[in-house]
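First the structure, in the form of structure tokens, and then the observations on it.
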Amino acid sequence: MADKCDLCLLGLIILSSLLTGTSGDDDVYISSGENVRLSCNKTLSDCKSTTWIYYKRFRQSGIVELITGGIKNKNTERHERLSLESDCSLNIKNVKKEDSGLYRCRQYVNGRQQGPDADVLLHVLHVSVSPSSSSSSSSSSSSSQTEISPGRSVTLSCQLYTLFSCDYLVSSSGVELLWVNQAGVNLKTDSRYQILSSSSAAQYPCFISLTTTLLNEDDNREWRCQITLGNQLLTSVRYTVKYSDPADPASETKVCVNALSLYRVIVSIVGIAVFAAPTVILLQIICARRAGGLEAPRGNRDADNIRIKY
């Protein structure tokens, strides 16, 4: 019975939002992986009587209390990523696509609600990559990279996770999903890219994909999926292509040659050092005898008969 009541309440909340519209300061657009702060209309001196409620579409437990009486509910999945500010606003770290939905801040005194609810609709933009015939594919978020190689086809899927259907969101607020390059030029006008989008009410969430065959010059190239409202940029996700650098046999050979050359130099220096000392001594003897300053030791007069070739 409680589950049915929750579903009815969730339906009333969605209907109320549909009638009042979703545009305005209560709409927050954020990219996955970023941090977000949701404001609360604080009417009390502290946040001990503050409750944050979360409503998620298409969820079995559609209503979840994240904060009750200023204290985090430890049973929630996102407990570790939540915090309450001194002004009762709710902070969510490392936003995930599953965090999209309606957040409601409510304050009580002696069991009675104080002031109106503060509703915030959180829309999350997320990008994932699917390189064809590549074993190094990976999911991505803001400013992410993946190691793929030129000549292969890659598909970047950009999705907007929201409480409402994409059809309603586009028609009611006029938001638009785009793929652009680093200069902000819409890639839909470039024949190199295949852009597929969907704004069907049956499509949940909003979706736009980019497919292209990678070129050599695409290394470190950046593409952005962005959501706009008129000329206003609401949020975007950057995706950077990064090619792997295989080992260069030529450079390895060069290193080996350099090492061998260095070894030969060291051997030469050592050889010079070994034979240099006797040579210096012999030169000293020769110079001394020529100067008449070399006298053989008395105990060995045969030294006078030493013959030195020079």
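The values are calculated or read from the model by the stated rules, or taken from the named source; none is laboratory data. The structure displayed is predicted, hence computed values, not measured ones. A quick note on method: Cβ atoms are made from the backbone with ideal geometry, for glycine too, and the neighbour counts reach across all protein chains shown.
The numbered conditions (1) out of contact with any Ser or Thr (no Cβ under 7 Å at 6 or more places or on another chain); (2) touching a residue at least 24 places away in the same chain (Cβ under 8 Å); (3) surrounded by 14 or more Cβ atoms within 10 Å (Cβ to Cβ) are all true for L82 except (2). Cβ-Cβ distances below 7 Å connect the following pairs, each with a first residue in region 97-112 that is assigned to a loop (DSSP other than H, G, I, E, B), a second residue that is surrounded by 15 or more Cβ atoms within 10 Å (Cβ to Cβ), and a separation of six or more residues or different chains: S100/L122; S100/H123; S100/V124; S100/Y161; S100/T162; S100/L163. Pairs are defined by a Cβ separation below 9 Å, a sequence spacing of at least 6 or placement on different chains, a first member in region 187-206 that is assigned to a loop (DSSP other than H, G, I, E, B), and a second member that is modelled with pLDDT of 90 or more and small (G, A, S); the pairs so defined are P205/S100. Quick one: in region 83-109, which of the residues that are within 25 Å of L44 (Cβ to Cβ) and among the hydroxyl-bearing types (S, T, Y) is farthest from the chain's Cα centre (by Cα)? Once the filter is applied, the top-ranked residue is Y108. Only residues that are modelled with pLDDT of 90 or more, closer than 26 Å to G101 by Cβ and surrounded by fewer than 17 Cβ atoms within 10 Å (Cβ to Cβ) were counted across region 197-218, and they come to 0.
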